[in-house]
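Presented below is the structure to which this report refers.
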Amino acid sequence: MVRIFTLIAVAFAALFTAPLSADPADIAAASRSVVRVVLVSDDGRSTELVGHGSGIAVTPNLIITNAHVVEPAQEMDEIRIGVVPSQGRTGWFAEVVAFSPRNDLALLKLVERGASLPPATIYTGSVADGADIFAIGYPGNVDMAQGLNLAEMMSPTTPVKTRGNVSAGRSSKAFDTILHTAPIGAGNSGGPLLDSCGRVIGVNSFGTMAQDGDSEFYFAVSTREIMRFLTAANVQPRMSGVPCRSIADLDRAESERLAGQKAISAEEARSLAEKRDTAMRSAERKAQFSVMSERENGMALAGLAVMLALFAGGVAWLKRREDNEREMKMAAGVAVALGAVALIAWIARPSFNDIDERANALVTSSGPKSPATPSPASTDGQLVCVLAPERSRVTVSDMADVPLTWQDDGCVNGRSQYGLGVDGWSRILVPDDDDTVTIARFDPVTATYTTERFLLDLDTMTKLREERAKFESPMCGAGEEAARRLGEQQASLKALLPTTPNERLVYDCRQQDGG
């Protein structure tokens, strides 16, 4: 009964724990995908700013924005479109590859070789009324307040972030939109509307005009319109339909899960102890009765053997007086044998000390057994690791199963040596072509594979790449000392990472059928 209540308590705690607000790191990570879209008129003699808006990368070289932002470039050949990222040293030119005034969407393609942006993730689930949301872009009134000139507007600049809520979910009549209260201005057009995990839930398009103290509201093109538009353009963006959860929520839920398991284990141990006590008392009674019965039987047998031995001795004495030597010897032999039987029966009777030993033997053979400890998955052959959604936070990755082959020396898939540190086996991946750092961990005891991803700014990535270049990972089979050395070297990389990842995926690994 206690176990049932414990499970219910843990389940209700997980269901009714209030989610935390957005992690600023998630919004900052999403900002990497936001760009300023600049329209410049160049007649060969002078360059003038025609207008600007915002955009969001949906692939490394494709940016979605509003159709009204780039409409002048569709009408005038001398207008060029520039795309300025939020970080880096330069911007690039782009061309319109899809244009849909009906739902105010346009798709731009970077035309310069090597131009690349970290793509955003589009959230395909439903957006709740009242949900916290964030708008990111380049409002012109901020540029004016800062006094930015054309050259400065063409240089990478951190976008402006505002916060609000989804408001009643009302849509415009022309196309499907999200009504919200995150303030935007001229220049925000085409920029993303984000959920608390930094995923795109809309593209900001227009707002109401406040008069005489009226509140202002804003409209963003919904992801339904965005996905239809991208599908028609044969673009496959990064998507996620998993509800948003913070890492703090996960940590709290994991603590509750472990506490629940501990409480259940404690209750099982208490219940087992009670059953063992009951079984021991019953076994002691049985052992006591058994020992007493055997002692009484042994003493009775010894007494009977003594009496018969005395009788046989008497017969032998009589036969001796009768000079019947043959029968005297037979009677004497019988007397000696009976005496020996009596002695053996007396010595062989069980001791009172045997009661405890017999009771323990009875409990061991037929008493309550401890629950078997689940054994970890065999690491022989191919493992398949299946995502545990309730223990994961998914923002940029898919949820596919992960094949994995583990060896006791920390070699994964026969080619990647993991480092051995105070937190177990891990490998830190710092790529040269992506501003995402991944920490992959494997616990062979629980057969749990975990990946944590950090979506980082360019300066942090530069520091990590410089630190990573200071050492080389050993080859598989280099030995425990090399694995421990790699673990120590990777600690310098961890020191440069934020305390909280943007994504955590937890997988349960089991041996693959036929593996």
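The values are calculated or read from the model by the stated rules, or taken from the named source; none is laboratory data. What you see is a predicted model, and the numbers here were worked out from it, not measured in a lab. So basically every Cβ, Gly included, is an ideal-geometry build from the backbone, and we count neighbours across all protein chains shown. Accessible surface is based on the protein model in full, side chains and every heavy atom, while ligands, DNA and RNA are left aside. Shrake-Rupley method; radii C 1.70, N 1.55, O 1.52, S 1.80 Å.
Going by the conditions given, is Thr450 open to solvent by 10 Å² or more (accessible area, probe 1.4 Å) and either assigned to a loop (DSSP other than H, G, I, E, B) or touching a residue at least 40 places away in the same chain (Cβ under 8 Å) (or both)?
yes
Quick check on this structure: which one of Lys463, Lys470 is open to solvent by 50 Å² or more (accessible area, probe 1.4 Å), in a helix (DSSP H, G or I) and either within 20 Å of Val422 (Cα to Cα) or not polar (S, T, N, Q) (or both)?
Lys463
Could you check segment 68-118 and list, in sequence order, the residues that are in contact (Cβ under 8 Å) with a residue 40 or more places away in the chain, open to solvent by 20 Å² or more (accessible area, probe 1.4 Å) and part of a strand (DSSP E or B)?
Residues satisfying the conditions are Arg80, Val97, Ser100, Lys109.
Looking at this structure, is Gly164 open to solvent by 50 Å² or more (accessible area, probe 1.4 Å) and not basic (Lys, Arg)?
For Gly164, the condition - open to solvent by 50 Å² or more (accessible area, probe 1.4 Å) and not basic (Lys, Arg) - is not met.
How many of the residues making up segment 156-171 are at pLDDT below 75 and of a type in the set (S, T, N, Q)?
Matching residues across segment 156-171 total 1.
Among the residues of segment 45-59, how many are open to solvent by less than 60 Å² (accessible area, probe 1.4 Å) and touching a Ser or Thr at 6+ places or on another chain (Cβ under 8 Å)?
Qualifying residue count for the region: 5.
Ile136 - would you say it is in contact with a helix residue (DSSP H, G or I) (Cβ under 8 Å, 6 or more places away or on another chain) and open to solvent by less than 30 Å² (accessible area, probe 1.4 Å)? Steps first, answer last, please.
On the way: in contact with a helix residue (DSSP H, G or I) (Cβ under 8 Å, 6 or more places away or on another chain): yes; open to solvent by less than 30 Å² (accessible area, probe 1.4 Å): yes.
Taking the combined requirement at face value, the residue satisfies it.
Hey, does segment 281-296 have a residue that's on the phi > 0 side of the Ramachandran plot and either assigned to a helix (DSSP H, G or I) or surrounded by fewer than 17 Cβ atoms within 10 Å (Cβ to Cβ) (or both)?
First, pick out the residues of segment 281-296 that are on the phi > 0 side of the Ramachandran plot: none.
Checked segment 281-296: no residue is on the phi > 0 side of the Ramachandran plot and either assigned to a helix (DSSP H, G or I) or surrounded by fewer than 17 Cβ atoms within 10 Å (Cβ to Cβ) (or both).
Limited to segment 434-447, what total is found for residues that are free of Cβ contacts under 8 Å to residues at least 24 places away in the same chain and either aromatic (Phe, Trp, Tyr) or over 13 Å from Leu420 (Cα atoms) (or both)?
1
Output yes when any residue across segment 123-131 is touching a strand residue (DSSP E or B) at 6+ places or on another chain (Cβ under 6 Å) and farther than 27 Å from Tyr218 by Cβ, and no when none is.
The answer is no, given that none of the residues of segment 123-131 is touching a strand residue (DSSP E or B) at 6+ places or on another chain (Cβ under 6 Å) and farther than 27 Å from Tyr218 by Cβ.
So for segment 144-155 (the condition being open to solvent by less than 70 Å² (accessible area, probe 1.4 Å), over 22 Å from Ser33 (Cβ atoms), modelled with pLDDT of 90 or more and not in a loop (DSSP other than H, G, I, E, B)), does at least one residue qualify?
no
List every residue pair whose Cβ atoms lie under 7 Å apart, where the two residues are 6 or more positions apart in sequence or sit on different chains, the first residue falls within segment 263-279 and is open to solvent by less than 80 Å² (accessible area, probe 1.4 Å), and the second residue, located anywhere, is among the small types (Gly, Ala, Ser).
Taking only residues 6 or more apart or on different chains, the pairs are Leu272/Ser370; Ala279/Gly367.
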